[in-house]
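The structure under discussion appears below in the form of structure tokens.
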Amino acid sequence: MYTTSAQRLRSEMMRRMNDGWHLDGDMGSEEMRLVHLVTPPAWRVALELVNPVAWFLGPTYPTVYRTMHVRVDESGRLHRRTTGKIPSGWPQVHAWEAPDGPV
């Protein structure tokens, strides 16, 4: 069955949105960007509850986002590239992550 690049992108977008990714801006006919908020580990959130500085100034941990750039090449294959660094003390393996490269 023949599918257009827009249909392939939409299908990939729906799969990623089911994993918690959100569309960042408009989806073009050949590319799109998705973002995902990386939540800190439970011990880091618990530390904020007992930290009086966080009570007044807000959380002391960084807000971390991962960005996924998905594009369709000339032959119709999808390619993913994920950017955004997760802090080293946080879990590095997440169920919502997708491998980079051709799909």
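The values are calculated or read from the model by the stated rules, or taken from the named source; none is laboratory data. None of these values were measured; they are calculated from a predicted model. With ideal geometry, Cβ positions are generated from the backbone for all residues, glycine too; neighbour counts draw on all protein chains shown. Side chains are part of the model used for accessible areas, which takes the heavy atoms of the whole protein and leaves out ligands, DNA and RNA. Shrake-Rupley method; radii C 1.70, N 1.55, O 1.52, S 1.80 Å.
Restricting the search to the stretch 26-62, which residues are open to solvent by 50 Å² or more (accessible area, probe 1.4 Å), in contact with a strand residue (DSSP E or B) (Cβ under 7 Å, 6 or more places away or on another chain) and either under 18 Å from Thr83 (Cβ atoms) or in a helix (DSSP H, G or I) (or both)?
Glu31, Arg33, Leu37
Which residue pairs have Cβ atoms under 7 Å apart, sit 6 or more places apart or on different chains, and have a first residue in the stretch 76-103 that is touching a residue at least 24 places away in the same chain (Cβ under 8 Å) and farther than 13 Å from Leu34 by Cβ and a second that is open to solvent by 80 Å² or more (accessible area, probe 1.4 Å) and part of a strand (DSSP E or B)?
Between residues of the stretch 76-103 that are touching a residue at least 24 places away in the same chain (Cβ under 8 Å) and farther than 13 Å from Leu34 by Cβ and residues that are open to solvent by 80 Å² or more (accessible area, probe 1.4 Å) and part of a strand (DSSP E or B), the close pairs are His79/Arg71.
Collect the residues in the stretch 1-24 that are open to solvent by 50 Å² or more (accessible area, probe 1.4 Å), outside any strand (DSSP E or B), touching a strand residue (DSSP E or B) at 6+ places or on another chain (Cβ under 7 Å) and under 23 Å from Gly76 (Cβ atoms), keeping them in residue-number order.
First, the residues of the stretch 1-24 that are open to solvent by 50 Å² or more (accessible area, probe 1.4 Å): 1-2, 4, 7-8, 10-11, 14-15, 17-19, 22-24.
Cutting the leftovers down to outside any strand (DSSP E or B) gives us 1-2, 4, 7-8, 10-11, 14-15, 17-19, 24.
Now restrict to residues that are touching a strand residue (DSSP E or B) at 6+ places or on another chain (Cβ under 7 Å): 8, 24.
Matches in the stretch 1-24: Arg8 only.
Considering only the stretch 63-95, state which residues are small (Gly, Ala, Ser) and open to solvent by less than 80 Å² (accessible area, probe 1.4 Å).
Within the stretch 63-95, Gly76, Gly84, Gly89 qualify.
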